[in-house]
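Undergrad: Mind having a look at this structure? Questions to follow.
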Amino acid sequence: MLITLGARQVHISDAQFDALEMLKLCANGGFATAVGYKPTTDYVKVPTVNIQFVSKFSTEKLYQRRMNALKSVSFNDLDLSHPKLKALTEAERQIQFADCMRKMLESHNKTLTGDRDDAHRQAHDEFYAPVCQGVKVHLVTEKRDGKTVLVPADDGNPVVDTIMLTGLVIGRKTIVEGEKKVVNSGPKVLMDNAIEKAWNKRTLSMITLSLKPDNHDHIKIGGEILDAALHENMAEYL
């Protein structure tokens, strides 16, 4: 079927539509738990975690709190024990820190003010469509000549690929340990990571879950367990 999400029309299956309607109701429940969730991005051995989160919150207030927390991060707060960072002189580390902080503050300020002019945000707006608070869909895309592009239906309208649920993380418990991919990062990325680690200790962070039958046991929002219906209604496209 063809429905309107945001400012455009998208193709969506009956099962996807039913799942979205359920999520619109359940997302008002507030506190939620993803039980047995298995994140796959950046892992060579997938962990299993239980994640507690809030499914209803003020995004604007969160962004402001995170901006205030980022501004409070100082050079002395960072863990700079990585060999590549230790190999830099004190002055080089200070310069790298200042440069990374400046760029992170600029980026977060764009998020806070709703500035969508840069390429990354424009791509996000192109490949995702909002549904309601905390719920969005990712549209079908593919790589062509190294560039990600939409794959529309015959009538030119995009097609819904995956339903995403966003929450404000309040707790996480590891059930099965995972193993992350080893990435040969340079000093800039390592400094960004060190800042983010210190930053996240000062504030809550958001998480986006992809609701697939094989990557979690169940998700409970506001007393409603979603999975029985989700697994049945979403099986055709997940």
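The values are calculated or read from the model by the stated rules, or taken from the named source; none is laboratory data. Keep in mind it's a predicted model, so treat the numbers as computed, not measured. Every residue, glycine among them, receives a Cβ derived from its backbone with ideal geometry; neighbour counts consider all protein chains shown.
Undergrad: Looking at the range 71-98, which of its residues are assigned to a helix (DSSP H, G or I) and touching a Lys or Arg at 6+ places or on another chain (Cβ under 8 Å)? Break it down into steps so the answer makes sense when it comes.
TA: Going through the range 71-98, the residues assigned to a helix (DSSP H, G or I) turn out to be 71, 75-77, 83-86, 90-98.
Scanning the range 71-98 gives 75, 85, 96.
Undergrad: Out of contact with any strand residue (DSSP E or B) (no Cβ under 7 Å at 6 or more places or on another chain) and within 21 Å of residue 136 (Cβ to Cβ): is that true of residue 89 in this structure?
TA: Working: out of contact with any strand residue (DSSP E or B) (no Cβ under 7 Å at 6 or more places or on another chain): yes; within 21 Å of residue 136 (Cβ to Cβ): no.
Against the criterion (out of contact with any strand residue (DSSP E or B) (no Cβ under 7 Å at 6 or more places or on another chain) and within 21 Å of residue 136 (Cβ to Cβ)), residue 89 does not qualify.
Undergrad: Would you confirm, using the coordinates I've provided, whether residue 65 is under 23 Å from residue 172 (Cα atoms) and surrounded by fewer than 18 Cβ atoms within 10 Å (Cβ to Cβ)?
TA: Values: under 23 Å from residue 172 (Cα atoms): yes; surrounded by fewer than 18 Cβ atoms within 10 Å (Cβ to Cβ): yes.
Yes: the conditions hold for residue 65.
Undergrad: Quick check on this structure: which one of 174, 162 is exposed (fewer than 12 other Cβ atoms within 10 Å of the Cβ), touching a residue at least 60 places away in the same chain (Cβ under 8 Å) and either touching a helix residue (DSSP H, G or I) at 6+ places or on another chain (Cβ under 7 Å) or among the hydroxyl-bearing types (Ser, Thr, Tyr) (or both)?
TA: Values: 162 fails: exposed (fewer than 12 other Cβ atoms within 10 Å of the Cβ).
Exactly one residue qualifies, and that residue is 174.
Undergrad: Which one of 69, 34 is in contact with a His (Cβ under 6 Å, 6 or more places away or on another chain) and touching a residue at least 40 places away in the same chain (Cβ under 8 Å)? First the steps, then the outcome.
TA: Values: 69 fails: in contact with a His (Cβ under 6 Å, 6 or more places away or on another chain).
Answer to the check: 34.
Undergrad: Can I ask one more? Enumerate the pairs (first residue in the range 144-156 and over 12 Å from residue 2 (Cβ atoms); second residue anywhere and modelled with pLDDT under 90 and small (Gly, Ala, Ser)) with beta-carbon separation below 9 Å, excluding pairs fewer than 6 apart on the same chain, so at least 6 apart or on different chains.
TA: 148/123
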